[in-house]
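Data block below; observations after.
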Amino acid sequence: MMSKENYEYAKTLYEKWGIDVEEVLGKLRNIPISIHCWQGDDIGGFEVNRQELSGGIDVTGNYPGKATTPEELRSDLEKALSLIPGQHRVNLHAIYAETDGEVVDRDEIEPKHFANWVNWAKEQGLGLDFNPTLFSHEKAEDGLTLSHPNKDIRDFWIRHTIASRKIAEYMGKELGSPTLTNVWIPDGYKDIPSDRLTPRKRLKESLDEVFSVEIDEKYNVDAVESKLFGIGSEAYVVGSHEFYMGYALKNNKLCLLDSGHYHPTEVISNKISSMLLYSDQLALHVSRPVRWDSDHVVILDDELREIGLEIVRNDAIDKVRIGLDFFDASINRVAAWTIGTRNMIKALLYAMLTPNEYLKQLQEEGNFTERLALMEELKTYPFGAIWDHYCDEMGVPVRENWLDEVKEYEETVLSKRK
């Protein structure tokens with residue numbers, strides 16, 4: 001059980017630094033995390049002509065209970081959301097369309113194929129985000145889509161991406177909250193290219209055509225996502241960070257930074273402040289790369305805390321759209337959502353309980369001794385007591401007690417699936 005005394009004691013320690021804990025918790029309630037649906041079914045989707053994963057994407061493990069229908073996936077999401085404090089969003093890929101058994105190719109998807117998701121989101125009080133799916137398709141078998149030398153294939157993916165933006169506009173309008181539509185493509189080459197420029201010219205032209213179709217920005221916000229390399233595109237990726245950063249800034253699109261899409265020694269926390277100097281908004285896919293873009297479940301490690309700190313201390317809570325992107329089939333999938341999302345919220349709370357202005361002042365004064373000392377001492381402040389109080393206040397299980405509910409759900413629901 002949560003101790004009220006622990007909370008009150010912790011509160012007085014933070015108040016010593018001028019931090020109004022109740023105000024912090026009030027703000028935290030209003031920060032939505034976009035939770036990716038594809039953790040629940042290993043990025044399978046519901047296409048009638050479902051194909052094997054491709055595009056450098058791999059999900060390892062075969063933990064029982066994977067969702068195989070839209071109803072199962074929504075049920076699993078509801079369970080996870082009931083264990084996570086706050087009001088959040090759900091992020092969909094185009095392959096999660098529901099077509100009533102009809103084969104509908106990706107360039108023919110329409111808003112009606114996502115009506116069930118929208119109705120469910122309304123019932124749950126959720127916003128939705130969206131992604132065109134430019135992988136796991138016969139027209140992406142060679143690892144090229146919007147930059148493909150074959151114009152017919154490029155045009156197919158252009159039509160798909162335009163259709164996706166129209167679906168996102170419908171979602172945003174229906175739910176009264178703008179949908180983030182994020183474009184990521186797997187395009188690249190396994191070995192050293194003889195021409196890096198021409199594929200990038202084609203990608204630029206394809207994106208220009210996609211975005212030439214006007215979509216109401218009240219309901220849809222466009223983002224583009226880079227990558228360093230992928231399985232099958234180890235030597236060269238067309239949509240590099242520099243390509244998309246330039247494209248986003250020039251064309252007033254959001255640049256989306258994915259934690260796993262950079263060199264192993266790069267971190268996205270270090271990029272946030274620079275990007276915000278030149279862009280009004282930024283989008284994130286928070287993941288945990290282990291030596292490569294392996295998309296492990298997010299843990300409360302140093303980088304996650306730094307991401308939270310960079311968002312909070314730079315007054316960017318309303319400027320950064322936070323999404324998650326990991327997929328682990330070696331553990332209970334509902335637990336994976338719960339662990340990762342709760343940790344993202346913990347990182348934000350940790351940052352909001354940090355006397356950021358005072359620490360900035362110490363740096364400006366050149367008082368690096370006190371700065372380092374305080375930054376280290378704050379790590380062992382009773383942050384956990386504040387977190388426990390927040391969970392209790394929001395009506396979700398405190399500490400590891402949520403695991404009991406997941407175990408019961410596994411026994412009564414997940415274990416009965418074929």
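The values are calculated or read from the model by the stated rules, or taken from the named source; none is laboratory data. Bear in mind the structure is a predicted one, so any value in this text is a computation, not a measurement. Positions of Cβ are backbone-derived with ideal geometry, glycine not excepted, and every protein chain shown enters the neighbour counts.
Might you let me know whether segment 228-250 holds any residue that is modelled with pLDDT of 95 or more, basic (K, R), crowded, with 20+ Cβ neighbours inside 10 Å and closer than 24 Å to R159 by Cα? No; the residues of segment 228-250 include none that is modelled with pLDDT of 95 or more, basic (K, R), crowded, with 20+ Cβ neighbours inside 10 Å and closer than 24 Å to R159 by Cα.
So which residues in segment 300-340 are assigned to a helix (DSSP H, G or I) and more than 27 Å from T265 (Cβ to Cβ), if there are any at all? Quick ask: steps written out before the conclusion?
Pass one, segment 300-340, residues assigned to a helix (DSSP H, G or I): 302-313, 333-340.
Scanning segment 300-340 gives R333, V334, A335, W337, T338.
Of everything listed in (1) among the small types (G, A, S); (2) within 21 Å of the chain's Cα centre (by Cα); (3) more than 23 Å from D318 (Cα to Cα); (4) assigned to a loop (DSSP other than H, G, I, E, B), the single unmet condition for S194 is (2). Kindly indicate the residue of segment 1-51 that is acidic (D, E) and outside any loop (DSSP other than H, G, I, E, B) and also farthest from V334 (Cα to Cα) among those meeting that condition. Only one residue tops the list, namely E15.
Selection of segment 342-386 for residues being in a helix (DSSP H, G or I), touching a residue at least 60 places away in the same chain (Cβ under 8 Å) and among the hydroxyl-bearing types (S, T, Y) yields only Y358.
Of the residues that sit in segment 141-174 and are at pLDDT 95 or above and of a type in the set (G, A, S), which one is surrounded by the most Cβ atoms within 10 Å (Cβ to Cβ)? Explain how you work it out, then say what you get.
Our first condition is that a residue be at pLDDT 95 or above; within segment 141-174, this holds for 144-174.
Keeping just the survivors that are of a type in the set (G, A, S) gives 147, 163-164, 168, 172.
Numbers: S147: 25, A163: 20, S164: 26, A168: 29, G172: 25.
Of everything passing the filter in segment 141-174, A168 is surrounded by the most Cβ atoms within 10 Å (Cβ to Cβ).
Specify which of the listed residues (S212, S164) is without any contact (Cβ under 8 Å) to a residue 40 or more places away in the chain, more than 19 Å from G143 (Cβ to Cβ) and not acidic (D, E). Explain how you work it out, then say what you get.
Working: S164 fails: without any contact (Cβ under 8 Å) to a residue 40 or more places away in the chain.
Result of the check over S212, S164: S212.
In segment 40-60, the residues that are touching a residue at least 24 places away in the same chain (Cβ under 8 Å) reach residues that are outside any loop (DSSP other than H, G, I, E, B) and among the charged types (D, E, K, R) with C-beta atoms within less than 6 angstrom, at least six apart or across chains, in these pairs: G40/D76; G40/R333. Residues satisfying the criterion are present in segment 119-141 (criterion: more than 24 Å from G323 (Cα to Cα), in contact with a helix residue (DSSP H, G or I) (Cβ under 7 Å, 6 or more places away or on another chain) and not β-branched (V, I, T)).
Checked against (1) more than 19 Å from the chain's Cα centre (by Cα); (2) more than 24 Å from E138 (Cβ to Cβ); (3) surrounded by 17 or more Cβ atoms within 10 Å (Cβ to Cβ), S54 passes all but condition (2). Applying the set (1) in a loop (DSSP other than H, G, I, E, B); (2) at pLDDT 95 or above; (3) not hydroxyl-bearing (S, T, Y) to H113 leaves exactly one unmet item: (1).
Close Cβ contacts (under 7 Å, 6 or more residues apart or on different chains) running from residues in segment 68-83 that are without any contact (Cβ under 8 Å) to a residue 40 or more places away in the chain to residues that are not in a helix (DSSP H, G or I) comprise L73/D41; L73/A67. Each residue in segment 382-418 was checked for being surrounded by 17 or more Cβ atoms within 10 Å (Cβ to Cβ), hydroxyl-bearing (S, T, Y) and more than 13 Å from P64 (Cβ to Cβ), and 1 pass.
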